[in-house]
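As structure tokens, the structure follows; a few thoughts come after it.
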Amino acid sequence: MEFLIDHECFNKAISDVTKAVSLKTPFPILTGIKITAYDHCLVLVGSNSDIIIERVIPLTIDGVKVLEIYQPGSVVISAKFLSGLVKKLPNKIHINVNEKQFVTIQSGEIVTNLNGFNSEEYPSLPPFDETDYIEIPSVALMEIIEQTVFAVAKSESRPVLTGVNMIFKVNQLTCVATNSQRLALRKYAIESSINGSFTVPGTSLSELMKLINNESGVIQVFVIDSYMIFKSTTTLLYTRLIAGTYPNVFELLPNHSKTINHYA
């Protein structure tokens, strides 16, 4: 594998996927970032099994060439080492990996050599049907998360309350969060092929907000087995769903109010 990449793009992508990497895992390969070079893009993946973040770097961004792929391939490199190194490099970064997973990283006159992991040992991403999804404008999704995630419980004594309950129906998405003392509820009209109730960890949604903060367009949402997936043009986030039945908070909400606000 061999490629040349813009320093700023590479550093940003590493920073994004590193958020999903745990240094306390018993599996050494999960302390690394999987980097795969294709003919048309570079893909970085970080995972701790509960959350997986994938970032795609295309050959050009806004008409500016940021990536050159000389030879496709794949390798896993220590996230801690790679992140610390790339931040200090001065300009474009040239990476070459031989068949023995020996990695050479060069930027200007700086040359660093290290041993990588075999990418075939890295866990495969859960497969999903890319034709079965719903779409939410990224701005709307950001707003929905911001208006609900603050109310999730911080204590793990009731794990299901540490997430936002997302209820999908044919024409509506309802998001609910509570820590037993406060409650946030947001409804959003949507055309949905997904039907059901799913509890997404608040920590995962907070990370999603950071990842799509500057995204425009729509976010595709998929649900598979024990994961919910959020996909934009350059970012893919898998989050493990929280098991258990979310409390029926709708019984706590009054159907009628004693006061009515009249607006001119």
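The values are calculated or read from the model by the stated rules, or taken from the named source; none is laboratory data. Remember, predicted model here, so these are calculated numbers, not experimental data. What goes into the accessible areas is simple: the full protein's heavy atoms, side chains included, and nothing from ligands, DNA or RNA. Shrake-Rupley method; radii C 1.70, N 1.55, O 1.52, S 1.80 Å.
Tabulated results
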| read-out | value |
| --- | --- |
| Principal semi-axes in Å for the range 101-202 [√(5λ), Cα gyration tensor, largest first] | 39, 20, 16 |
| Per residue, in Å², the accessible surface of the chain once ligands and nucleic acids are set aside, probe 1.4 Å | 55 |
| Rounded, prolate or oblate (a/c below 1.5 giving rounded, otherwise prolate when a/b exceeds b/c) for the range 100-142 by Cα gyration tensor | oblate |
| The range 50-121: equivalent-ellipsoid semi-axes (sqrt of 5 x gyration tensor eigenvalues, Cα, Å) | 20, 18, 14 |
| C-alpha long axis of helix 138-148 to longest principal axis of the chain, angle in ° | 60 |
| Share of carbon and sulfur in the accessible heavy-atom surface of the range 38-174 [1.4 Å probe, %] | 50 |
| Normalised alpha carbon radius of gyration of the chain [divisor 2.2 N^0.38 Å] | 1.16 |
| Candidate lysines for bridging to LYS100, where Cα separation is under 30 Å - those fewer than 8 sequence places away on the same chain excluded | LYS12, LYS19, LYS24, LYS34, LYS65, LYS80, LYS87, LYS88, LYS92 |
| Percent of C-alpha pairs per 5 Å bin, the range 167-259, short to long | 3, 10, 19, 23, 23, 11, 6, 4, 1, 0 |
| Amide H partners (placed H, <5 Å) of GLY163, local residues excluded | ALA153, GLY202 |
| Karplus-derived 3J(HN,Hα), 6.51/-1.76/1.60, for each residue of the range 37-48, Hz, glycine and proline x | 9, 9, 5, 10, 6, 10, 10, 10, 9, x, 8, 10 |
| Residue-averaged 222 nm ellipticity for the chain, from DSSP H runs of 4+ at -39500 (n - 2.57), nearest 500 | -5000 deg cm²/dmol |
| Accessible area (Å², 1.4 Å probe, nearest 10) - ARG158 | 120 |
| C-alpha center-to-center spacing [the range 44-103, the range 140-174] in angstrom | 33 |
